[in-house]
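Working notes for the structure below.
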Amino acid sequence: MNQSFYLDRASGWHALHPLTKIAVAFALSVTAFCVRWDFISVALFVFVVIPFAVWGNIWRPVLRATFTVILPLAVSLALIQGFFFPGAQDVLFQIGPFALKREGLEFAFVTGTRLMLIAGAGLLVVYATHPADLALALVQAGAPYPLAYIIVTAIQLLPEMQARADGILKAQQARGLETTGSLRVRVSALLPLLAPLVYGALENVQERALALDARAFRAPRAKTSWRVLRDTLAQRALRWLLVMFSILLIVASVFVPLFIR
Amino acid sequence: MSSLAVEQLGFQYVQAKSDALRGITFEVPSSSITAIVGANGAGKSTLCYALAGFIPHFFKGNMRGAVRVNGMDSKQTPLAQLVTQVGLAFQNPFNQISGAKLTVSEEIAFGLENLGVPRAEMETRIARALELFGLEQVAHQSPYALSGGQQQRLALASIFVMEPPVMVLDEPTSQLDPQGTREVMAAIQTLAAQGRTIVLVEHKLEWIAELATRVLVLHHGELVAQGAPREILQCADEWGLNETRYARAARMARERGLVAKDVLLPQTLEQATNFFRV
């Protein structure tokens, strides 16, 4: 049972310092928001995210997860914005009282592709960064230890919750719960699935907190690390460049009617 | 010399109507296995929390009396310092996994990292813990990929590695199958052989009879009996405990007049063999 997003590969992308990977993802996301060209997110996804994912040998899971998350969102965005975008004039076609408009679809496209880029960039980091390395990097960068722990366990918690949800689903199906079929059937199956999942998670909170304290989690002393993080001058320089680039882009996008439109 | 001394301990949880513990006094000698038994709701887990300092530092309420760990008063000593003196392991091994580590070795290192142990020393301690608890083969596996018995051994190893002289184990086998139970009990024997002082809460009386040097019986929050396992477990059913299969068989034999009435009921296989030979 894989209880982590992290995929262990011997790749150059994996070997980079976690903050370098985060800086790349951050710069990509900022660029998608600041550059006013409708295809910027698609271009960055195709020419940066995918090559990096190939470099890290994680392109399959990155693409699969990105599209699994984004596709349903994109469809709902297209429908809602396409039909109800405020102030839109250019009607593409009409279904009864509802008119699908070009401006709405364009907005949905830009928003959807931005989300796709952010999801892809985030997954590039999460799939290629050992959680303990991420926590260590955050602490070394000045983040409080409990905050770093919370971030890492939150990332770890998702696959764990998924595994638990699968278990509950199978248990409920074994007891005759109908989980497939019409929308009504699926919605009515949600409560018997969610209730034990949420209750179980809350029930464990106290014992988990005790277990952490039993292992000196709150000991007021300098922590050490079992894992060793490698960093280089080139990576530190690259991180600064990416951060400066992102800040400049944000400032420029506020004051200058930016770039291609 | 005693590692743990409990004097007139009482505790009432916030918003509880009655005391969870009342007037408990006992001492735990160094390098021994002391078992605590009692029916559900007898106060066993509360006593474990008090022994490990989680009462009063984690659970709030009205604490009376004192718990001394190697001479340190648990009320006056910060929890972070107490955990280096008393390790506490819980029933559910799954909940004891930190969730932030990907391999068994890293998981064992978690407590050492928090204590600021230098990496070179960590390596030595982790290697020893892996060997002692038979986890070398799974050192690079995910903690979540282990069996229940292995996960509980990992929980024990994660506490052991912090080198507390006393380890309090609150029903460490309650969620394990017989094989998992055997694995964990073997690990506990190893700990005791290493000189650790063990306080073990356990429902499986056959194991208590086998391992413990002393048994304490809790009943409705009070310490009602203490002594050697064979003597104390004679009246297991009086305190709502399930007697061992050896005691049950011997009791039936006694009721049918097959054996003398004044002989103590056996609690272990060895005692049963001798009992029925007579």
Filter result for residue B:176 (surrounded by 15 or more Cβ atoms within 10 Å (Cβ to Cβ) and among the aliphatic types (A, V, I, L, M)): yes
Would you point out the residue of region B:218-239, among those that are without any contact (Cβ under 8 Å) to a residue 24 or more places away in the chain and of a type in the set (Asp, Glu), that is most open to solvent (accessible area, probe 1.4 Å)? B:238
Residue match in region B:116-123 (condition: open to solvent by 10 Å² or more (accessible area, probe 1.4 Å) and under 30 Å from residue B:46 (Cα atoms)): yes
Can you confirm whether region A:111-124 contains a residue that is part of a helix (DSSP H, G or I) and either within 23 Å of residue A:213 (Cα to Cα) or touching a strand residue (DSSP E or B) at 6+ places or on another chain (Cβ under 7 Å) (or both)? no
Qualifying residues in region A:139-148 (those that are among the aliphatic types (A, V, I, L, M) and touching a residue at least 12 places away in the same chain (Cβ under 8 Å)) - the one surrounded by the most Cβ atoms within 10 Å (Cβ to Cβ): A:148
Just a yes or no: is a residue in region A:248-258 open to solvent by 100 Å² or more (accessible area, probe 1.4 Å) and not in a helix (DSSP H, G or I)? yes
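Yes/no per residue for (1) within 20 Å of residue B:269 (Cβ to Cβ); (2) open to solvent by less than 40 Å² (accessible area, probe 1.4 Å):
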{"residue": "B:139", "(1), (2)": "no, yes"}
{"residue": "B:146", "(1), (2)": "no, yes"}
{"residue": "B:160", "(1), (2)": "no, yes"}
{"residue": "B:203", "(1), (2)": "yes, no"}
{"residue": "B:211", "(1), (2)": "yes, yes"}
{"residue": "B:216", "(1), (2)": "no, yes"}
Name the residue that is farthest from residue B:152 (Cα to Cα), counting only residues in region B:110-125 that are at the interface with chain A (Cβ under 7 Å from one of its Cβ atoms) and touching a residue at least 24 places away in the same chain (Cβ under 8 Å). B:115
Boolean, residue A:194 is open to solvent by 80 Å² or more (accessible area, probe 1.4 Å) and on the phi < 0 side of the Ramachandran plot: yes
Cβ pairs under 6 Å, 6+ apart or interchain, first in region A:149-167 and at the interface with chain B (Cβ under 7 Å from one of its Cβ atoms), second of a type outside the set (Lys, Arg) and open to solvent by 50 Å² or more (accessible area, probe 1.4 Å), ordered by first then second residue, are none
Can you tell me which of B:89, B:35 is within 14 Å of chain A (Cβ to nearest Cβ) and on the phi < 0 side of the Ramachandran plot? B:89
Would you mention how many residues in region A:1-54 are among the aromatic types (Phe, Trp, Tyr) and in a helix (DSSP H, G or I)? 6
Spot the failing condition for residue B:107; the list is (1) within 10 Å of another protein chain (Cβ to nearest Cβ); (2) modelled with pLDDT of 90 or more; (3) out of contact with any Leu (no Cβ under 7 Å at 6 or more places or on another chain), and only one is missed. (3)
Take region B:155-177 and flag every residue that is closer than 18 Å to residue B:194 by Cβ, out of contact with any helix residue (DSSP H, G or I) (no Cβ under 6 Å at 6 or more places or on another chain) and more than 12 Å from every other protein chain (Cβ to nearest Cβ). B:165, B:166
Output the residue which, of all residues in region A:217-246 that are within 12 Å of chain B (Cβ to nearest Cβ) and among the polar types (S, T, N, Q), is nearest to residue B:117 (Cα to Cα). A:224
Residue among A:209, A:222 that is open to solvent by 70 Å² or more (accessible area, probe 1.4 Å), at pLDDT below 90 and closer than 30 Å to residue B:156 by Cα: A:222
Within region A:170-191, tally of residues that are assigned to a loop (DSSP other than H, G, I, E, B) and open to solvent by 30 Å² or more (accessible area, probe 1.4 Å): 7
Checked region B:117-161 for anything assigned to a helix (DSSP H, G or I), more than 23 Å from residue B:86 (Cα to Cα) and hydroxyl-bearing (Ser, Thr, Tyr); matches are B:144
Counting residues that are within 26 Å of residue B:207 (Cα to Cα) and open to solvent by less than 10 Å² (accessible area, probe 1.4 Å), which strands (runs of 3 or more DSSP E) fully inside region B:1-87 reach at least 3? B:2-13, B:21-29, B:33-37
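The values are calculated or read from the model by the stated rules, or taken from the named source; none is laboratory data. On a predicted model such as this, the values are computed, not experimentally measured, just so you know. Cβ: placed from backbone, ideal geometry, glycine included. Neighbour counts: every protein chain shown. These area figures cover heavy atoms from the full protein model, side chains too; ligands, DNA and RNA do not enter into them. Shrake-Rupley method; radii C 1.70, N 1.55, O 1.52, S 1.80 Å.
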